[in-house]
Amino acid sequence: MKLEANVPPGELAEKWKNYRGSMNLVAPNNKRRLDVIVVGTGLAGAAAASTLGELGYNVKAFTFHDSPRRAHSIAAQGGINAAKNYQNDGDSIYRLFYDTIKGGDYRSRESNVYRLAEVSTEIIDQAVAQGVPFAREYGGLLANRSFGGVQVSRTFYARGQTGQQLLLGAYSSLSRQIHKGQVKMYNRHEMLDLVKIDGKARGIITRNLLTGKLERHAAHCVVLATGGYGNVFYLSTNAMGSNVSAAWRSVKEGALFANPCYTQIHPTCIPVSGEYQSKLTLMSESLRNDGRVWVPKTVEDAQAIQRGEKRAEDLPEADRDYYLERRYPAFGNLVPRDVASRAAKVASDEGKGVVKTGLGVYLDFADAIQRYGKSEAYAAGIDNPSAEKIKELGEAMVKAKYGNLFQMYEKITGENPYKTAMKIYPAVHYTMGGLWVDYNLQTNVPGLFALGEANFSDHGANRLGASALMQGLADGYFVIPYTIGTFLADEIRTPKISNDLPEFHEAESRTRNRLEGLLAIGGNQSVESFHRRLGKIMWEYCGMSRNAEGLKKGRELIRELRKEFYEDVYIPGTIDEFNPELEKAARVADFLELGELFAVDALDRGESCGGHFREESTENGEAKRNDEEYTYVSAWEWDDNNPILHKEELEFENVELKTRSYK
Ligand SMILES: Cc1cc2nc3c(=O)[nH]c(=O)nc-3n(C[C@H](O)[C@H](O)[C@H](O)COP(=O)(O)OP(=O)(O)OC[C@H]3O[C@@H](n4cnc5c(N)ncnc54)[C@H](O)[C@@H]3O)c2cc1C
């Protein structure tokens, strides 16, 4: 199979503009005759459904949540990037493009990334017009802060609730279309299969999660915006419901899954506290703007801290190792996520961790409190402020910037981060892999599109902070409304697709048989227990550090676990009722296959790139990328015995491939 990325010709900076000006359009009267299914109403899906509705297409939108407002996007805290250059600190579209390509370790497609940087500025205008309350400077201009891996401030934010506020904006424009009847919203409906007719995506099978009823939905094309698959690791910062099933069911119908092994491990999460934990919590990366990361210089001090005999504030400066500032002076605490995560693992593996399990490092705000306190006192005209006054003013400033994050940390850990350093450790957070898509965001199945975290498109082997919201909204508001026309312009003579066609009935029975098959197993072990075991295998053999032997073993263990699942899982109830255990079982069944593909992909990629440290590919202890052999996107066709690899070779005409250095 030849992968056609369909990148338009011309200069990088002109491609999107020229393409938009010359592509086939669907006239307004024809749009009214075309039906589009959008699955997922997080930022990417809500933006797409509302914009397509506004354009005049008949949209059916689906979410398994009880409201679009519940999508995982709501969890996004830190911010959204855009190359507005409001700070006058040297930002530009090219710089955002360059940072994203470099941050992704040169494993993404230049043309898509450039377009992303280009439309980033429009997203902010759109969101502001919707009333999204971005933080502002004193003079009224929108404020920016810095995120890892870059040297400019380009991150727009709404306190620590950026995702929520952006989602409310997208939801309000979606609601407008629902009210007008242009979008029909199906809450609590889960897509369980894709329906193809003559090779084209023409519909989906859903299950009404409240009644259990299977339904057939037809359209001229299908857009998936179903989020990422980080929960294949069981423990992650993702919402509990995030899953891979919509994408995986499409893979079963021939769609290719790209770079499944590219997972982002986020450096600032609350460390794991116990065996029966089912969720991890992110502390936003924005905290690294002001927090300093450190561990004790000696293992003895670390052990005393682990035993609870010493605390962070007992260690004088001389006994602390601010290892990011020491190893990466140019970026310090703002190195990209992969670098920060790996460095935390190295420090903990050396025995210098600061939590009971040994897996944790400090993120300390004491210096920031002092710095802000002094400057606030000066601004208020207070001469010789007392230490208490400086602390009070400094804490107030930190509270204004990160108050809700600090409160969340205290609620979860019982420790007050204004008084003692936070403890953090890397955790699974985001998946760069996803359905393979071309420049139009179309998968290799004609008529099937993928947006947001569900596709693989823009972040290569490592996503920069605050770039997922940017990508989801770029895809939904500004890319798909154009590129969907490249498919639909040829469909204007296609009459309404009937959901009574044999392909729909076949897909419905396929789904029913699959669910009834799961229920019929009648074993002894809960779905959750299988999921937890899968997560452990993934973390141990396919996590931050990998080697060929471990990956082969991991694959074997996953296959054995899958076999055991189909022999011994227990799911109560029936298909025709509200049955959350059945929902979970179907999702875990798909994770068990995806997990295996993940290991296969990681094994194939014999290089260290992004946060994926391949132990056989190192230089002086640092990760070593191998451009000679691995400058490609891995797009996998599923085959239970031997998944088939298709390669999209990546060409770099506008940036020079360099060893990433943040020193
Ligand atoms: C804690 C946390 C903080 C983050 N902070 C930031 C940040 O500050 N900045 C940033 O840029 N990124 C951040 N991210 C990443 C970012 O939030 C996500 O990548 C992004 O929101 C994904 O949006 P999405 O629209 O692609 O998917 P989602 O928001 O995950 O939405 C998926 C949608 O698909 C639906 N769905 C899925 N499967 C099915 C199915 N089978 N049938 C029906 N519906 C289905 C769901 O119901 C949901 O509506 C953060 C992530 C986490 C975990």
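Per-residue ellipticity at 222 nm computed for the chain from its helices equals -12000 deg cm²/dmol, with DSSP H segments shorter than 4 residues left out and the rest contributing -39,500 (n - 2.57).
Students often check this: by mean Cβ neighbours within 10 Å, which of 287-293, 123-129 ranks highest, and how do the rest follow? Working shown, then result.
Values: 287-293: 23.1, 123-129: 18.4.
Top to bottom by mean Cβ count within 10 Å: 287-293, 123-129.
Backbone amide hydrogens, once placed in the peptide plane, bring C609 within less than 5 Å of R614, excluding anything fewer than 5 places away on its chain. Rounded to the nearest 20 debye, the dipole size of the range 267-428 about its Cα centre is 380 debye, using +1 on the Cβ of Lys and Arg and -1 on the Cβ of Asp and Glu.
For the range 515-627, the residue among S545, P572, N620 whose Cα projects farthest onto the positive side of the dipole built from Cβ charges is N620.
Here K356 is the anchor, and the lysines within straight C-alpha reach of less than 18 Å, apart from those fewer than 8 places off in the same chain, are K297, K310, K345, K423. What is the chain by shape, rounded, prolate or oblate, if you read a ≥ b ≥ c off the alpha carbon gyration tensor as root eigenvalues and call it rounded for a/c under 1.5, prolate for a/b larger than b/c, and oblate otherwise? Since a/c reaches 1.5 and a/b is larger than b/c, the shape of the chain is classed as prolate. The label point for A129 and the one for I644, both projected 7 Å from the Cα toward the Cβ, are 4.5 nm apart.
For the peptides 55-65, 462-472, residues were scored by their other Cβ atoms within 10 Å and the scores averaged per peptide; the highest-first order is 462-472, 55-65.
Answer rounded, prolate or oblate for the range 466-604, using the Cα gyration tensor with square roots of eigenvalues a ≥ b ≥ c: rounded when a/c is under 1.5, else prolate when a/b is larger than b/c, else oblate.
Working: a/c = 2.34, a/b = 1.26, b/c = 1.86.
Oblate shape, in that a/c is at least 1.5 and b/c is the bigger or equal ratio.
Going through the cross-link list K352/K536; K279/K536; K352/K401; K60/K180, which pairs have a Cα-Cα distance over 21 Å in this structure?
With Cα atoms farther than 21 Å apart: K352/K536; K352/K401.
From most to least packed by mean Cβ count within 10 Å, the peptides 115-122, 324-331, 184-191 give 115-122, 184-191, 324-331.
Among the DSSP beta bridges whose two residues both lie in the chain, what percent are antiparallel, rounded to the nearest 5? Before the final figure, lay out each step's value.
On the way: 45 of 65 bridges.
Just about 70 percent of them are antiparallel.
What shape does the range 273-373 have by the C-alpha gyration tensor, where a ≥ b ≥ c are the square roots of the eigenvalues, rounded means a/c under 1.5, and otherwise prolate means a/b greater than b/c and oblate the rest?
Details: a/c = 1.41, a/b = 1.14, b/c = 1.23.
It comes out rounded by the Cα gyration axes.
Hydropathy at least -1.0 by Kyte-Doolittle, axial extent at least 27 angstrom from the Cα trace: which helices of the chain, defined as entire DSSP H runs, fit?
Values: long enough: 110-130 (30 Å, -0.09); 162-180 (28 Å, -0.31); 387-413 (29 Å, -0.44); 502-521 (29 Å, -0.77); 548-568 (30 Å, -1.32); 580-604 (36 Å, 0.28).
Helix filter hits for the chain: 110-130, 162-180, 387-413, 502-521, 580-604.
Where a number appears in this text, it was derived from the coordinates with a stated rule and is not lab data. The structure presented is a predicted model; accordingly, all values stated were derived computationally and were not measured. A quick note on method: Cβ atoms are made from the backbone with ideal geometry, for glycine too, and the neighbour counts reach across all protein chains shown.
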